[in-house]
Amino acid sequence: MLTAARNEMLTRVGPGTPMGELLRRYWQPIAGASELDGNPIKTVRLMGEDLVLYRDRGGRYGLIDRHCPHRRADMAYGWVEETGIRCSYHGWLVDQTGRCLEQPYEDTTSPKPSKAGCETKAYPVKECAGLLFAYLGPLPAPELPVWEPFTWRNGFREIVLADVPCNWFQCQENSIDPVHFEWMHDNWGARMRGADGNVAPKHLKLKFEAFDHGFIYKRVREGQSEEDRYWTVGRVALWPNGFYLGSHFEWRVPVDDENTLSVAWFFMRVPKDREPYVQERVPTWISPLQDETGRFITSHVINQDIVAWAGQGRIADRTKEHLRSSDIGITMMRGRFFEEFEAMAAGKEPGGIIRSANEAQCIALPNMARELNTEGVTLAEFDKDPILRQRLKEFRHHYGQPAEVRREFVEAMGISG
Ligand code: FES
Ligand SMILES: [Fe+2]
């Protein structure tokens, strides 16, 4: 249980709030690069700030104030040019550093018009593994961490976004919540398929460990032992707002205090006989969350998670909860945030930030599926493993995979539709 004041500290993300300041110190995934292939301008709201993301014709990414520095028109209705984005109201041209490059009327009528003071807010953007990451904190920006899976080859990658109607922190608490797998995904999943009874193997033992880039949780369920990778390796609640499960990442990116952008990046190694495989473009798609009646879609794994997240309310009221031993990881994670707030207030840099370019190049994380993803298996081996076979059959994480993404996947894997 938390006091209302401490709950606010964990959940408020606007500029100047403890959490808002902390999250701004880390690169945040905000879009798929392929989203800009059609329309090169996308509106984004991040931690309460309204912005536009764009790719100019020179291939540079920009993330600037949604409102024009001239008289505040909506830059989303502008257009991109070789060196920036131009407002459609009076034609001011702004670049990715926020500099105003052109003011057409002034440029025509005065000999040397100064543009000093007409800069707009601008944040750095970097592309990695098909994702666009933005940094909203004080400069100089730290290195963008290149997690090891971003360097893997011979894989089919896809990015799935979802607009989740609740605060980011309850989504992130789900990253360190092993027991929910048994109930939400296994037992509830089975009930929805008609089972009568709780059929899932029970959790028998949990362990949570802290490291620089977050927390590792480990578990033993009925039918498993401490020799199992779920215990010897575990999964990662990635600091500060991610989740890493071996073949995919999820991030819970705050849109504002009451909304979250769920960003998930998936990797699936192609069967050995399909190598070498080079994916030219990482597709990005948006998962719909509700059916036509307004009820949440419950058929897919992350859609089920979202039922839990949004079900806790726009901002979960943690003054009314009852934490037990299954929630030790949640307490550890909250504790680290409170410690980091204090460290930041004392002028220190929060943990897990990388300043060395060398170190940032390829960061390994505990991974239960490393061989599968780095060495690969044959199609025949896929067929022998029930989980892998299922992954080939359908995309189970998010509802609504577009037919063209499925087609690209089928083609990459060399299987029939
Ligand atoms: S408001 Fe954008 S150029 Fe005038
Ligand atoms: Fe889940």
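Pairs are defined by a Cβ separation below 6 Å, a sequence spacing of at least 6 or placement on different chains, a first member in the range 147-166 that is more than 30 Å from Gly294 (Cβ to Cβ), and a second member that is open to solvent by 30 Å² or more (accessible area, probe 1.4 Å) and assigned to a loop (DSSP other than H, G, I, E, B); the pairs so defined are Glu148/Cys362; Glu148/Ala364; Thr151/Cys362; Asn154/Glu275; Asn154/Tyr277. Tell me, please, whether a residue that is within 16 Å of ligand 2 (Cβ to nearest atom), touching a Lys or Arg at 6+ places or on another chain (Cβ under 9 Å) and on the phi < 0 side of the Ramachandran plot can be found in the range 218-225. Checked the range 218-225: at least one residue is within 16 Å of ligand 2 (Cβ to nearest atom), touching a Lys or Arg at 6+ places or on another chain (Cβ under 9 Å) and on the phi < 0 side of the Ramachandran plot. Which pairs do you get when a residue that is free of Cβ contacts under 8 Å to residues at least 24 places away in the same chain and within 22 Å of Gly48 (Cα to Cα), found in the range 66-92, comes within reach of a residue that is within 16 Å of ligand 2 (Cβ to nearest atom) and part of a loop (DSSP other than H, G, I, E, B), reach meaning Cβ atoms under 8 angstrom, with the pair 6+ apart or on two chains? From residues that are free of Cβ contacts under 8 Å to residues at least 24 places away in the same chain and within 22 Å of Gly48 (Cα to Cα), there are no pairs. The residues of the range 16-34 that are out of contact with any Gly (no Cβ under 7 Å at 6 or more places or on another chain) and open to solvent by 50 Å² or more (accessible area, probe 1.4 Å), listed by number, are Gly16, Pro18, Glu21.
Consider the range 35-55. How many of its residues are assigned to a loop (DSSP other than H, G, I, E, B) and surrounded by 22 or more Cβ atoms within 10 Å (Cβ to Cβ)? It would help to see each step written out before you state the result.
Pass one, the range 35-55, residues assigned to a loop (DSSP other than H, G, I, E, B): 37-40, 47-48.
Narrowing the set further to residues that are surrounded by 22 or more Cβ atoms within 10 Å (Cβ to Cβ) leaves 47.
Selection size over the range 35-55: 1.
Could you go through the range 326-341 and let me know if any residue there is in a loop (DSSP other than H, G, I, E, B) and away from ligand 1 (no atom under 16 Å from the Cβ). No, the range 326-341 contains no residue that is in a loop (DSSP other than H, G, I, E, B) and away from ligand 1 (no atom under 16 Å from the Cβ).
Note on the range 88-145: among residues that are open to solvent by 60 Å² or more (accessible area, probe 1.4 Å) and closer than 21 Å to Pro15 by Cα, the one that is nearest to ligand 2 (Cβ to nearest atom) is Pro138. Scanning the range 353-384 for residues being over 19 Å from Tyr26 (Cβ atoms), in contact (Cβ under 8 Å) with a residue 60 or more places away in the chain and outside any helix (DSSP H, G or I) gives a total of 7. Pairs are defined by a Cβ separation below 6 Å, a sequence spacing of at least 6 or placement on different chains, a first member in the range 400-417 that is over 17 Å from Ser299 (Cβ atoms), and a second member that is in a helix (DSSP H, G or I) and of a type outside the set (A, V, I, L, M, F, W, C); the pairs so defined are Gly414/Arg274.
Does Thr83 satisfy the criteria of being away from ligand 1 (no atom under 15 Å from the Cβ), farther than 18 Å from Leu136 by Cβ, modelled with pLDDT of 95 or more and surrounded by fewer than 20 Cβ atoms within 10 Å (Cβ to Cβ)? So that I can check it myself, show each step before the final result.
Numbers: away from ligand 1 (no atom under 15 Å from the Cβ): yes; farther than 18 Å from Leu136 by Cβ: yes; modelled with pLDDT of 95 or more: yes; surrounded by fewer than 20 Cβ atoms within 10 Å (Cβ to Cβ): yes.
Taking the combined requirement at face value, the residue satisfies it.
The residue pairs whose first member lies in the range 167-189 and is in a helix (DSSP H, G or I) and at pLDDT 95 or above, whose second member is within 16 Å of ligand 1 (Cβ to nearest atom) and of a type in the set (Lys, Arg), and whose beta carbons are closer than 8 Å, counting only pairs six or more residues apart or on different chains, do not exist in this structure.
Every condition in (1) aliphatic (A, V, I, L, M); (2) part of a strand (DSSP E or B); (3) over 14 Å from the mean Cα position of the chain (by Cα) is met by Val160 except one, and the failing one is (3). Residues of the range 307-325 being within 16 Å of ligand 2 (Cβ to nearest atom) and surrounded by fewer than 14 Cβ atoms within 10 Å (Cβ to Cβ), which ones? Hit for the range 307-325 is Gly311, nothing else. Could you tell me which numbered condition Ser114 fails, if it satisfies all but one of (1) in contact (Cβ under 8 Å) with a residue 24 or more places away in the chain; (2) among the polar types (S, T, N, Q); (3) more than 22 Å from Asp50 (Cβ to Cβ)? Condition not satisfied by Ser114: (1). For the range 278-306, a residue qualifies if it is within 16 Å of ligand 2 (Cβ to nearest atom) and free of Cβ contacts under 8 Å to residues at least 40 places away in the same chain, and exactly one does: Phe296.
Trp168 - would you say it is open to solvent by less than 60 Å² (accessible area, probe 1.4 Å) and within 24 Å of Gly400 (Cα to Cα)? Against the criterion (open to solvent by less than 60 Å² (accessible area, probe 1.4 Å) and within 24 Å of Gly400 (Cα to Cα)), Trp168 qualifies.
One line per residue, one yes/no per condition, for (1) at pLDDT 95 or above; (2) farther than 26 Å from Pro145 by Cβ; (3) in contact with a helix residue (DSSP H, G or I) (Cβ under 7 Å, 6 or more places away or on another chain); (4) within 16 Å of ligand 1 (Cβ to nearest atom):
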{"residue": "Arg12", "(1), (2), (3), (4)": "yes, no, yes, no"}
{"residue": "Glu21", "(1), (2), (3), (4)": "yes, no, yes, no"}
{"residue": "Leu63", "(1), (2), (3), (4)": "yes, no, no, no"}
{"residue": "His70", "(1), (2), (3), (4)": "yes, yes, no, yes"}
{"residue": "Leu101", "(1), (2), (3), (4)": "yes, yes, no, yes"}
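Restrict the check to the range 70-86 and report whether at least one residue is under 18 Å from the mean Cα position of the chain (by Cα) and either within 30 Å of Glu404 (Cβ to Cβ) or part of a loop (DSSP other than H, G, I, E, B) (or both).
Quick first cut of the range 70-86, residues under 18 Å from the mean Cα position of the chain (by Cα) only: none.
No, the conditions are met nowhere in the range 70-86.
Every test in (1) surrounded by 15 or more Cβ atoms within 10 Å (Cβ to Cβ); (2) out of contact with any Lys or Arg (no Cβ under 7 Å at 6 or more places or on another chain); (3) part of a loop (DSSP other than H, G, I, E, B) is passed by Pro350 save one, and that test is (2). Could you tell me whether the range 90-97 includes any residue that is more than 30 Å from Tyr230 (Cβ to Cβ) and not in a loop (DSSP other than H, G, I, E, B)? Yes, the conditions are met somewhere in the range 90-97.
The values are calculated or read from the model by the stated rules, or taken from the named source; none is laboratory data. Quick caveat: nothing in here was measured; it's all calculated off a predicted structure. Glycine also receives a Cβ, built like all others from the backbone with ideal geometry; neighbour counts cover every protein chain displayed. All accessible areas refer to the heavy atoms of the entire protein, side chains included, with ligands and DNA or RNA removed. Shrake-Rupley method; radii C 1.70, N 1.55, O 1.52, S 1.80 Å.
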